[in-house]
1. Only one residue in A:Asp129, A:Asp50 is touching a Leu at 6+ places or on another chain (Cβ under 7 Å), farther than 30 Å from B:Gln376 by Cβ and either surrounded by fewer than 24 Cβ atoms within 10 Å (Cβ to Cβ) or at pLDDT below 90 (or both), so which one is that?
2. In the set A:Glu74, A:Glu22, which member is away from every other protein chain (no Cβ under 11 Å), under 28 Å from B:Glu372 (Cβ atoms), surrounded by fewer than 20 Cβ atoms within 10 Å (Cβ to Cβ) and modelled with pLDDT under 95?
3. Can you pull out the residues in the stretch A:52-70 that are under 17 Å from A:Ala116 (Cβ atoms), hydrophobic (A, V, I, L, M, F, W, C) and within 14 Å of another protein chain (Cβ to nearest Cβ)?
4. What tally of residues in the stretch B:282-310 results from selecting those that are surrounded by 16 or more Cβ atoms within 10 Å (Cβ to Cβ), in contact (Cβ under 8 Å) with a residue 40 or more places away in the chain and closer than 13 Å to B:Thr349 by Cβ?
5. Would you tally the residues in the stretch A:91-116 being within 10 Å of chain B (Cβ to nearest Cβ) and either within 13 Å of A:Val27 (Cβ to Cβ) or over 14 Å from the mean Cα position of the chain (by Cα) (or both)?
6. Do the conditions hold for A:Ala134, that is, is it at the interface with another protein chain (Cβ under 10 Å from one of its Cβ atoms), surrounded by fewer than 16 Cβ atoms within 10 Å (Cβ to Cβ) and not polar (S, T, N, Q)?
7. Which condition from (1) touching a His at 6+ places or on another chain (Cβ under 8 Å); (2) at pLDDT below 95 is the one that A:Met42 breaks?
8. Looking only at the stretch A:85-126, which residues are in a loop (DSSP other than H, G, I, E, B) and over 16 Å from A:Ile66 (Cα atoms)?
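The values are calculated or read from the model by the stated rules, or taken from the named source; none is laboratory data. If you're wondering where the values come from, they're calculated on a predicted model, not measured in any experiment. Here the Cβ is made from the backbone with ideal geometry for all residues, glycine too, and neighbour counts use every protein chain on show.
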Amino acid sequence: MWDYSDKVKEHFFEPRNAGVLEGANGVGDVGSISCGDALRLMLKVEPETDIILDAHFQTFGCGSAIASSSALTEMIKGKTLDEALKVSNQDIADYLDGLPPEKMHCSVMGREALQAAVANYRGEEWSDDHEEGALVCKCFAIDAVMIEDTIRANNLSSVQDVTNYTKAGGGCSSCHEGIEEILVKVMSERGESFNPGAQPKEEAPKGGMTNLQRIKKIEAVLESVRPQLKRDGGDIELLDVDGKTIYVSMTGACAGCQMEALTLQGIQQKLMEELKEFIKIVPTKAGALSRASCQP
Amino acid sequence: MEGIYFDNNATTRVDPAVVEAMLPYFTEQFGNPSSMHSFGNKVGLAIKKARMQVQELLGAEHDSEIIFTSCGTESDSTALISALKAQPERKEIITTTVEHPAILTLCTWLEKDGYKVHLLKVDGKGRLDMAEYKKLLTDQVAVVSVMWANNETGTFFPVVEMAELANAAGAMFHTDAVQAVGKVPLNLKDTKIDMLSVSGHKLHAPKGIGVLYLKRGTRFRPLLRGGHQERGRRAGTENTTSIVGLGKAAEMAMEAMHHENTEVARLRDKLEAGILAKVPRSFVTGDPSNRLPNTSNIAFEFIEGEAILLLLNKFGIAASSGSACTSGSLEPSHVMRAMGIPYTAAHGTVRFSLSRYSTEAEVDRVIAVVPEIIAQLRKLSPYWEGDGPAAEPEKAFAPTYA
């Protein structure tokens, strides 16, 4: 049985805004019945203001797919299209108090339906070649297609490389056999054979930023989460950036809070999305790191 | 209200009489059966009794053909690997596309070591093509492994006949019978089946105990080596309490065999007919004329299985689904796909599996609840409109990408 949060259950058992929306002027369909997940998002947008007056959904899918759809409609109602497009899949998951790693794709689908519906309203073409594979790393929800593509694009040849580039395998390590299998397959395509003793590449790409730009970006991300931490009586401070390790200190109520690891994981995720590279966030307090890096 | 447990193919409750039989072996009868003193001796006698109880249930010729293991999966692995080790000149395995992962995943792994694995296909009702099987049976085949009954649909395979054919071709025959043992009468002494896997927790014994039946004279190479337990065929100190429990459960399954095949089958049939009569666009998967007496697998079109299970659970009803989402994978059940069940239905299959503890009142309750749940979810589905599927559902829904 999935460990669904109460919020997910609530939105599944009593979905908001379910069913056809009469007079919708933006409709986004994503997924398909063969994938086991299909979502239709219907928007009623006020042309003068671009404000979403109403949003409905129809979903063929599991509990978390229905809950994600329901949450999405609640989140975007009353927003302008541009504001609504800022809703990320992580925001949907956060709204639901988290989703199991195997189910994060449900929130991704919600985000994509939103993009598709907005594009439809604006008369644009929206397409996504995004493809999902079988889940390999359960700690960080990384699938086989993502790992394969990353190995191919970056000429990777060790498990450590894969962890550095995608995060897969960086937690409990039980997926290392699976990652090795993908390496064997992709490396044989380029005429190489997998060597378990190979040295990992020096460093992950930095997304073409200077050190100063990176640090500014990191500061900006921390700044964006600060109000939330302060609301709970805590704070976060950037101490140092060493390659792909970012050292922070959690202060106030955040220090030693039971949710610290979860909070850090969320911040780490945001940082990775912003920096477009793999990074590791390390709280100065010893022991907290291991919890931060594996939350299966 | 106590919940309604219709998921007995997943696991079963341990019968209180089984627990009672086991209890003394945790405390006063704690000895190691291998020991010389009387602490051990009595335990050794209890294991001997359990072995005979299992022998009786399987219809085995000798009690020494019963090897206690830790689970059905261990029995499966031991059987296949033994057959390959014992006949190094034969490099092929025949099995089916609808086996349990305990066989399929093992076979995928063995392929990496250079073994050739033939997967027999099934038709829309889950039946094998015997002509294809006969063609594949060459002197290269070390072992054939075919399940007695499918865990999802309950469909039986003609294992007795297939074992005869394997035997004639000089190949060993193994069957994963974890779903069949205790539900249908077996008489292994009159068959050519060389090896058979049993899992205790499928027949009201505890989890963590299994059996590998090994016909006398079958060449064998143990998987676990070490001490002389189980005549050296499965080293490791015996799980005495669970062995005693499995013996008792085997005896009780024998006593309930008639009930299982009459009353349980009647309740299953009533449940199935009741649901089908009230829910449009639903159908039974597998071969209804040739299946386990307790199993019904029903496909509900245009909705997704996990959502059905969550709503059933809200009503205190436990069942299983072949949907992708319940397992965290992206594909629906390999059994449904092998039978060619369309995606519109494969994601919405629900397995109800009863036991001798199931009651008429429970069946009536499930028949009353299921139609509402299905209707509720179909209202949410983009593939459903009013009282039926959207006209041309694949066209009605036009994703920008799929």
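1. Being touching a Leu at 6+ places or on another chain (Cβ under 7 Å), farther than 30 Å from B:Gln376 by Cβ and either surrounded by fewer than 24 Cβ atoms within 10 Å (Cβ to Cβ) or at pLDDT below 90 (or both) holds for just one of A:Asp129, A:Asp50, which is A:Asp50.
2. Working: A:Glu74 fails: modelled with pLDDT under 95.
Just a single option satisfies the conditions, and that option is A:Glu22.
3. Hits for the stretch A:52-70 are A:Phe57, A:Phe60, A:Ala65.
4. Residues in the stretch B:282-310 being surrounded by 16 or more Cβ atoms within 10 Å (Cβ to Cβ), in contact (Cβ under 8 Å) with a residue 40 or more places away in the chain and closer than 13 Å to B:Thr349 by Cβ: 17 in total.
5. 3
6. Working: at the interface with another protein chain (Cβ under 10 Å from one of its Cβ atoms): yes; surrounded by fewer than 16 Cβ atoms within 10 Å (Cβ to Cβ): yes; not polar (S, T, N, Q): yes.
So A:Ala134 passes the test.
7. The failed condition is (2).
8. Of everything in the stretch A:85-126, those that are in a loop (DSSP other than H, G, I, E, B) and over 16 Å from A:Ile66 (Cα atoms) turn out to be A:Lys86, A:Val87, A:Ser88, A:Gly123, A:Glu124, A:Glu125, A:Trp126.
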